[in-house]
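The values are calculated or read from the model by the stated rules, or taken from the named source; none is laboratory data. Being a predicted model, the structure only gives us computed values, none of them experimental. Positions of Cβ are generated from backbone atoms using ideal geometry, with glycine treated the same way; all protein chains shown enter the neighbour counts.
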Amino acid sequence: MKKRRLRLLEIWNLSFGFLGVQMGFALQNANASRILQIFGADVHELSWFWIVAPLTGLIVQPIVGYYSDRTWTRLGRRRPYFLVGAIFAAAGLVLMPNSDLFTAFMPALWVGAGMLMIMDASFNIAMEPFRALVADLLPSDQRTLGFSIQTVLIGIGAVVGSWLPYALTNFFGISNQAEEGSVPLSLLLSFILGAAVLLISILITVFTTKEYSPEEIQQLEDDVEEVEEKSSLLHIFRDFKMMPQTMRQLAWVQFFSWFGLFGMWVFSTPAIASHIYQLDLSDTHSKAFQDAGDWVGFLFGIYNLVSALYAFLLPAIAKKVGRKKTHTISLLIGGLGLLSIYVMPSKEWLILSMIGVGIAWASILAMPYAILAGSIPARKMGVYMGIFNFFIVLPQILNAFIGGPLVKYAYNNQPIYALVLSGASFLLAAALVFRVKDVDDVVTN
């Protein structure tokens, strides 16, 4: 039995929920540091509050991947997970900017950090089953297209999520100022709208996509005896030890890619506010700081828009020069984009920097998964996609531990150098791509 080729609309529908997931994720990435600073966090503490996000991913992802490989319900095996994840993520989106409502029970800063943890854990529950779903349903020669369309939808959702606070303030006149200790109305409405879009888009995928049944999956698997092997959750550790060579090689690429991304997400607002706007970071309630935060959201929308557009080109570029060269070049451009922030003369010039970041982001979301999918057995697609997430969350955890102290002690409270380190990390990831063996490319050649 062979996997059937899907029509373009079917490929679009099976990833449509990612639009909502990424809209919520973009709202979190562009505004979580800003919200935590409003609630009283110092700049060097930001990465420590963000650490709960990758830590929950480290625990949740492989477990979700393992059980989604073995789940079968009326909704299939992947769909129940991203539906549940969407419900909890939506709750976190609504509650995080409203954390000051719970000050009778605990400080708003701690409530906000807790909501950040819930959101990120829920995004993790939703995201990896989506990637596994693409690998489940598409034949090898459609996977690059599938992950690229997923990247397009990610880009669209991220652009809307990133630009929403800026647009509500500048085009609809909704205030981006609030009393000390409270989040501006523009941010509150943005997070509520993000929660609604997240739920609607997930439901579209749930009700328009059909998964292969367990019997069909067994027919697709080459090694029937392996399929019938008894397994337990503890086998995750065995699978980790036995991961394919390609996955081991990609792990280092992912490590330095996501180390750089985490630094960018956590420190962009304070870095741009201090380095470009020349603001005192102790005053987080001024209109100038809120304008800087809105501009960071706008810039994040730029890189996500570029990512969505570039994703359309990825299949053609990868077909011509190969997946590895495509990923290498993209990471190089992204690294140079991050490094250029340090020398840009004004906030408008940062748009050019974000174009480079967007090219790298598109490739990070598509190429590693397209390469990985050809090297792992279909039966373990979910668990290996979950294990692969280790190499996304571990670098974030490391950056969370050392990022704040570096800013305080090594960078003399100048967070712009955290972005410089992120750029250098991208360049190192680009160099490590050369070590990766792309199994599908080898077979094709």
Looking only at helices (runs of 4 or more DSSP H) that lie completely in the stretch 116-223, which have at least 2 residues being modelled with pLDDT of 80 or more, polar (S, T, N, Q) and over 23 Å from P368 (Cβ atoms)?
140-170, 185-208
Only one residue in A53, A104 is modelled with pLDDT under 85, crowded, with 24+ Cβ neighbours inside 10 Å and over 30 Å from S213 (Cα atoms), so which one is that?
A53
Kindly state which helices (runs of 4 or more DSSP H) lie completely within the stretch 1-91 and contain at least 1 residues that are in contact with a Pro (Cβ under 6 Å, 6 or more places away or on another chain) and polar (S, T, N, Q).
52-70
With respect to A318, determine if the residue is of a type in the set (A, V, I, L, M, F, W, C), in a helix (DSSP H, G or I) and under 20 Å from G40 (Cβ atoms).
no
Right, I59: within 19 Å of the chain's Cα centre (by Cα), modelled with pLDDT under 85, surrounded by fewer than 22 Cβ atoms within 10 Å (Cβ to Cβ) and on the phi < 0 side of the Ramachandran plot or not?
yes
Any residue in the stretch 116-126 that is under 27 Å from F298 (Cα atoms), surrounded by fewer than 24 Cβ atoms within 10 Å (Cβ to Cβ) and among the charged types (D, E, K, R)?
no
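For the condition crowded, with 22+ Cβ neighbours inside 10 Å and out of contact with any Ser or Thr (no Cβ under 6 Å at 6 or more places or on another chain), what is the one hit in G322, G335, G301, G358?
G335
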Any hit, the stretch 262-275, residues being under 16 Å from Y166 (Cα atoms), in contact with a Ser or Thr (Cβ under 7 Å, 6 or more places away or on another chain) and in a helix (DSSP H, G or I):
yes
Quickly run through the stretch 359-401 and pick out the residues that are modelled with pLDDT of 75 or more, of a type in the set (V, I, T) and over 23 Å from L55 (Cβ atoms).
I359, I371
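Can you say whether Y310 is at pLDDT 90 or above, closer than 22 Å to F16 by Cβ and of a type outside the set (G, A, S), as far as the supplied structure shows?
In short, yes.
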Pairs only if they're at least six apart or on different chains, beta carbon under 9 angstrom, first in the stretch 207-218 and over 15 Å from T73 (Cβ atoms), second surrounded by 14 or more Cβ atoms within 10 Å (Cβ to Cβ); list them, first residue then second.
T208/E10; T208/N13; T208/L14; T208/F16; Q218/V227; Q218/R379
